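Notes follow once the structure below has been shown.
Computed from the coordinates by the stated procedures, all read-outs in this text should not be read as laboratory data. Quantities reported herein were computed from a predicted structural model and do not represent experimental measurements. Backbone-built Cβ (ideal geometry, glycine too); neighbour counts: all protein chains shown.
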């Protein structure tokens, strides 16, 4: 029947439009749900989501020890060639030579924060930090060495 | 003669009429000819209103004639433009000379 | 109390005592002109800021909040920027029409101010054909858009202008029909008559369902007529790079922009006058105490309150609905709004003849 | 000193006549349409000046809002931007101008010579409701029949436009 279809179309259209207007009207009347961050002003109180990925850092304990064994699994996992692990051989107390990390070079300018290196790391030595203010005046400052000077491998990490 | 009255209105009406006639005679483009015709119709309307205002003040006939002329002009313009656009589609031009094959 | 007629009478009397009549009339015209231009500037500033704030809140944003307290000076800063920008005239345009078009848009908007009753006894020109005058002059708007579109010598502008022409000419019919429903009930085209006819209740309350339908159709049709989203086919940034005002910059663009907002204000003011009682306060039957309190609120506050409510409604449409395609747009008008409007006006005529309205 | 009303009249008359002359004189077709529009608005202003508000509003609604837009649309559909119309041949221009001037002279001679009757004093009520009553009255001074005839004519014009503008299918000859 033509007329019933005509009017049911109109009723349907009006109903769906009112639904949309109810949604925007809800947002309009609930100012507390505003998600805009007034960024530079609220830097002190800024809370980032837990899973936000800013840059790769290496965790160090208070004794200046890290957990990186220099296995280069992260280097292999990285799709962009962001990480270069320079290794050296250390002589341990028993007189054996052992591979250890010399410089963990991280090229921030190439990194896409894809998290693959963190997943590849067998010893949980690196993690994603939440810092995001990365702008610098010189590109060379984006090349970072993640292991702190004179840091040692944590005991018991193989 | 400074105070505007019937003669001023009739002068404007006559001038508009002959401006329209001049345009109708010189132009060969159908749309501009239609525009000239609109001027002619308007001059007639103006005369009707002027006579209603200054001579037969106790009647409304001039106003009614104007309203009916405007309605007819609207119908005429709509039909004319439909014909013009159809002519443009079939002949690719709206010059009156392109419509000459209707003679045969 | 709150009587603006005393103020206007005072100025009128003083002018006619001090100056010869011709000069007094000229001065009155100048005063009215300055008042209208001042209202334009004020409305432009307020409406632009309101639109940005409303859109921001509806999209869970904050909106402008840097210039001045809570961003209140933002539109002032925008105006300053547009004023000092270079007004470019591109090569190959029809210079005369290109520069004339924004002013035609402004003049049409200014002429529309004449019959609007801003408060009790506060009206520039109480024409006996008030509503018809408004529909007549508002159709001049399309001419400015067509002029801008053609003279820009740009295919996007031309397309925008043609879309806008088709749209405005067709939606004018629906707007006119819904205006006619109120005219049928009132029996007069004069704005002051229409307002006083609503002293015992606004038409939207005492006109039964047909007037409500007419109100809905009116709001849809004027949203289309002022080229606002979801009917902004003439500008359609994402398809036509701005449509008819693609080539405009600086002050000429600002005039188009301002004319759009003034038109929004005017159609909302007319809608408020026709359906929501203009400056008439809300009265409910025999509740004298309630009616007394409502009378105490000045009439201009009532008028602007209703108008801004309708403007808010239009902004709500704009920031909720997606843009229509041109064929959907014409479908909506010719298949739905126009037939419904015609049946509606028949219903209203029956109601008016049988005196069912109260 | 002239009254304000007189000045307004002369301004409106000048607007009407000058823009009408430019409408038939210019070689750019879109400008011609815009000048025609301003001439029509000038005539509406003259109606306002004579206190025929209803006629003025109808003039603006139908001419400015309808016919001018139609004409501009047909210009959009049939012309290219930037094209000028060719100048008419000199002979035709002179002949047309001569004919128009001659006719104008003859009409003006008749006009000045003819005495028009003095007006009846009482002005009839020209409000919209009075116009509406006359429009639908069937008596001696009613206009119900022309009204119906015009509405029939509009219907016929509408059907005619639809028939003319209907696109014939491309595969048929």
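The figures follow:
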{"quantity": "Between helix B:61-91 and chain B: long-axis angle, C-alpha atoms, 0 to 90°, nearest 10", "calculated": "10 degrees"}
{"quantity": "The stretch D:1-85: equivalent-ellipsoid semi-axes (sqrt of 5 x gyration tensor eigenvalues, Cα, Å)", "calculated": "28, 16, 6"}
{"quantity": "Estimated FRET transfer efficiency when R0 is 22 angstrom, pair residue B:90-residue C:326 (beta carbons, to 0.05)", "calculated": "0.30"}
{"quantity": "Cα centroid separation, the stretch A:1-44 to the stretch C:249-279 (Å)", "calculated": "25 Å"}
{"quantity": "Angle in degrees between helix A:2-29 and the longest Cα principal axis of chain A, rounded to the nearest 10", "calculated": "50 degrees"}
{"quantity": "Length-normalised contact order of chain D in % [C-alpha pairs under 8 Å, at least 6 apart]", "calculated": "14 percent"}
{"quantity": "Spread of Cα-to-Cα distances over 5 Å intervals beginning at zero, given as percent, for the stretch C:89-354", "calculated": "1, 6, 13, 16, 18, 15, 12, 9, 5, 3, 1, 1, 0, 0"}
{"quantity": "The protein assembly as shown: C-alpha pair distances exceeding 50 Å, %", "calculated": "33 percent"}
{"quantity": "Pairwise FRET efficiency - residue D:101 versus residue A:6, Cβ, R0 = 51 Å, nearest 0.05", "calculated": "0.25"}
{"quantity": "For the stretch A:55-153, convex hull of alpha carbons as volume per residue, Å³", "calculated": "106 Å³"}
{"quantity": "Once the Cα gyration tensor of chain B is diagonalised, semi-axes √(5λ) in Å", "calculated": "34, 16, 8"}
{"quantity": "Gain in span if fully extended, residue C:31 to residue C:216, counting 0.36 nm per residue against the direct Cα distance", "calculated": "62.9 nm"}
{"quantity": "D_trans [Stokes-Einstein, Kirkwood Rh over alpha-carbon pairs] for the stretch C:235-275, 20 °C, 1.002 mPa s, µm² s⁻¹", "calculated": "185 µm²/s"}
{"quantity": "Residue with peak Gaussian network fluctuation, chain C [Cα springs, cutoff 10 Å], from C:333, C:225, C:17", "calculated": "C:17"}
{"quantity": "Calculated log₁₀ intensity ratio I(q)/I(0) where the Debye formula runs over C-alpha points of the stretch C:1-84, q = 0.13, 0.14, 0.16, 0.17 Å⁻¹", "calculated": "-0.64, -0.69, -0.75, -0.78"}
{"quantity": "Label point at residue A:152 placed 7 Å out along Cα→Cβ; residues across the stretch A:35-73 whose backbone nitrogen lies under 15 Å", "calculated": "A:61-68"}
{"quantity": "C-alpha long axis of helix B:30-54 to longest principal axis of chain B, angle in °", "calculated": "10 degrees"}
{"quantity": "For the stretch A:63-80 versus the stretch C:42-76, the gap between their alpha-carbon centres in whole angstrom", "calculated": "51 Å"}
{"quantity": "Chain A: most fluctuating residue of A:139, A:22, A:127 per GNM, C-alpha cutoff 10 Å", "calculated": "A:22"}
{"quantity": "Cα centroid of the stretch A:120-157 to Cα centroid of the stretch D:105-169, whole Å", "calculated": "90 Å"}
{"quantity": "For chain A, built as a Gaussian network whose Cα springs stay under 10 Å, the top-fluctuating residue of A:36, A:59, A:45", "calculated": "A:36"}
{"quantity": "Computed helical MRE - 222 nm, chain B, DSSP H runs ≥ 4 contributing -39500 (n - 2.57), nearest 500", "calculated": "-26500 deg cm²/dmol"}
{"quantity": "q = 0.24, 0.29, 0.31 Å⁻¹, the stretch D:125-168: log10 I(q)/I(0) [Debye, one scatterer per Cα]", "calculated": "-0.79, -0.93, -0.98"}
{"quantity": "Order of C:8, C:135, C:18 - criterion: other Cβ atoms within 10 Å of each residue's Cβ, fewest first", "calculated": "C:18, C:8, C:135"}
